[in-house]
1. When region A:261-290 is examined, which residues are found to be crowded, with 21+ Cβ neighbours inside 10 Å, over 19 Å from B:Asp177 (Cα atoms) and away from every other protein chain (no Cβ under 14 Å)?
2. Return yes or no: is A:Ala159 of a type outside the set (Val, Ile, Thr), without any contact (Cβ under 8 Å) to a residue 40 or more places away in the chain and either touching a Pro at 6+ places or on another chain (Cβ under 9 Å) or not in a helix (DSSP H, G or I) (or both)?
3. Specify the residue that is surrounded by the fewest Cβ atoms within 10 Å (Cβ to Cβ); the eligible residues are those in region B:44-78 that are assigned to a helix (DSSP H, G or I), aromatic (Phe, Trp, Tyr) and within 14 Å of chain A (Cβ to nearest Cβ).
4. Go through the residues of region B:218-227 one by one and say whether even a single one is among the aromatic types (Phe, Trp, Tyr), part of a helix (DSSP H, G or I) and in contact with a strand residue (DSSP E or B) (Cβ under 9 Å, 6 or more places away or on another chain).
5. Scan region B:79-96 for residues that are in contact (Cβ under 8 Å) with a residue 60 or more places away in the chain and surrounded by fewer than 17 Cβ atoms within 10 Å (Cβ to Cβ) and report the count.
6. Conditions first: (1) under 30 Å from A:Arg193 (Cα atoms); (2) assigned to a helix (DSSP H, G or I). B:Phe167 passes all but one, so which condition is the exception?
7. For residues that are assigned to a loop (DSSP other than H, G, I, E, B) and of a type in the set (S, T, N, Q), scanning just region A:172-223, find the one that is modelled with the lowest pLDDT.
8. Just checking, does region B:99-108 include any residue being within 14 Å of chain A (Cβ to nearest Cβ), over 30 Å from A:Lys270 (Cα atoms) and not basic (Lys, Arg)?
Amino acid sequence: MAIQTTRETYYEAIINQGYTRRDFMKFATFMAAYLGLENSAIGQIAEALEKTPRVPVIWEHYQECTCCSESFIRSDHPIVADIILDKVSLDYTETLMAAAGEQAEAAKHETMKKYHGEYILCVEGSVPLGADGVYCCIAGRTAIDQLKEAAEGAKAIIAWGSCASNGCVQSAKPNPTEATPIHKIIKDKPIIRVPGCPPIGEVMAGVIVHVLAFGKLPELDSMNRPKAFYSKRVHDSCYRRAYYDAGLFVESFDDPNAKKGYCLYKVGCKGPMTYNACGVIKWNNGVSYPIQSGHGCFGCSEDNFWDNGPIYERLTNIPGFGIEANADKIGKAAAGALAVGLGVHAVATALSKRKEMRRRQRAGEVNLQDLDD
Amino acid sequence: MGTKLYKRVYVWEVPVRLFHWLNATAIVVLAATGLFIGDPLALMSQNEAYETFLMGKVRFVHFAAGYILLVVFILRIYWGFVGNRYAQWKNFLPFGKKKAKRIKHFIKHDVLPLPSNEERYYEELSVGHNPVASTIYIIFFFMLFVMILTGFGLYSQNAGWWLPKMFSWVPPLFGGDFGTRLVHHVTMWLILLFVLVHIYMAVYHDVVEARGEISSMVSGFKFVRWERFKSFRKKANKIKEILDEPVEEELMN
């Protein structure tokens, strides 16, 4: 491993940044806790960061609002931002790098060439495929072009946020730019999807530290989301869950139930269908999260959440039936129409088959006379 | 005219009836609790959360009924291989000349409310399911399958047991829990529409044919016109033979 001698390790970089070893150990402990690992993992993380040479990161921005980056640089521990976003690892990111224009592009290509097959590609934003991809161009080239080039030599890809992993708002119907998530474009690289609008900063930190420190992907679920953060519904870690089980619900946002902090299920909380760690890690350094501030979860980390019905209603719209139609309304209307149809059929049958029915009736009466009982 | 002779035939075996009624009960319970879970009542309770467990209980009943549905579903699949001719799977596929004739018969005499000649009507009357009904049952069976997949798929994430966990691949198919729940909900309504037609047709056949359609699903027996039996046809043929014998020739000898 010739590279190891030429490149500094994370530990060296962190110490060179002016942190103490104590800060470093605290950071390792934070990370182990986020990842849901046991105590022995703290040492493993520390050791990995001490020995592993830094892995270059290229962070691409396509169709997005940069809320993922915003969330990330506000994650709990300052080293997180330093280790990734400062000059330590990040070789290219439009938002935060000092270089601009051709200089920036040159830096990126330098990294891509030098660390071919080694660097981590982080993607923030979806990629428009409509009109040959002209809806998003960087340095005069389309996003799809840029992505394919950057993905080619990447060791792994992290799809940050709902844009990169699900398409998010810009892919909502009718999706004019054909905004497409990364995994539908790049098929031959390991991709970690970290959905959320934005994802929780600590979650992003946990994922990237895991990849950088251990050199492999964290354990993923069937949708390629890290299990440590996306294996539970928001509903299952909700502190209001007891009210749900009791059947005590907020009926409207201004009723006494809302004041008492009852479950927000009936005012459209999508917690029961949303996989995320909001109820556990929370936001803004663990201060609060939507449900805690009295607003239902609207499922920002779920696929297609924007088209999946109204935010403040329980029932889901059926695609193709217009904005007002939900499953129950259509069901009731269909059942009503069917019942009327069956009623008409019954009456028509009684009329058309009256002759034979009458004959049977008479025969039955005659038989009754004949009966020895 | 006069009254016809009927013979009692054992059509629905015990597992078929057991499937029918357990399945019916499960569907009613699942639909009622499912609608409640989808849109719970507004409880104006002054109780604290630890004092009540309404939603929890309703959900428990829903999940328990779901397991019953699954078990009888599997039972019915098995019985389709070992049961009598009316329980067999091949009975449910609308192929063949005989079935085509009966489908035509069903549409002519039952779907279109036309006056029917009783003699002709009974000639082509199905003893078990008529082919139109059995085709719909296959679709209904598929709907049950969808309900089991989506239901246990939604349940699997919280389950600790391997059986429901086996369904964890389902929600990603529908793009997560949102889509899965929608399919679950819409399919419930399709099943309820089926139930409506099913009950109507059972009453219809009972009234129009008067051969114990509804009670057959309790007792297992149906009444079938004597003319439809092999033994009758044999006897009828014998009589015909006797009548066709060249009597005059004999006399001449």
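1. A:Ile281, A:Tyr289
2. Judged against the criteria, A:Ala159 is a match.
3. Taking the candidates together, the pick is B:Tyr50.
4. So far as region B:218-227 goes, yes, one or more of its residues are among the aromatic types (Phe, Trp, Tyr), part of a helix (DSSP H, G or I) and in contact with a strand residue (DSSP E or B) (Cβ under 9 Å, 6 or more places away or on another chain).
5. The qualifying residues number 1.
6. With (1) under 30 Å from A:Arg193 (Cα atoms); (2) assigned to a helix (DSSP H, G or I) applied to B:Phe167, the lone miss is (2).
7. Top of the filtered list is A:Ser222.
8. Taking every residue of region B:99-108 in turn, at least one turns out to be within 14 Å of chain A (Cβ to nearest Cβ), over 30 Å from A:Lys270 (Cα atoms) and not basic (Lys, Arg).
The values are calculated or read from the model by the stated rules, or taken from the named source; none is laboratory data. Given the structure is predicted, the values throughout are model-derived calculations rather than measurements. Using ideal geometry, Cβ is built from the backbone for each residue, glycine included, and neighbour counts are taken over all protein chains shown.
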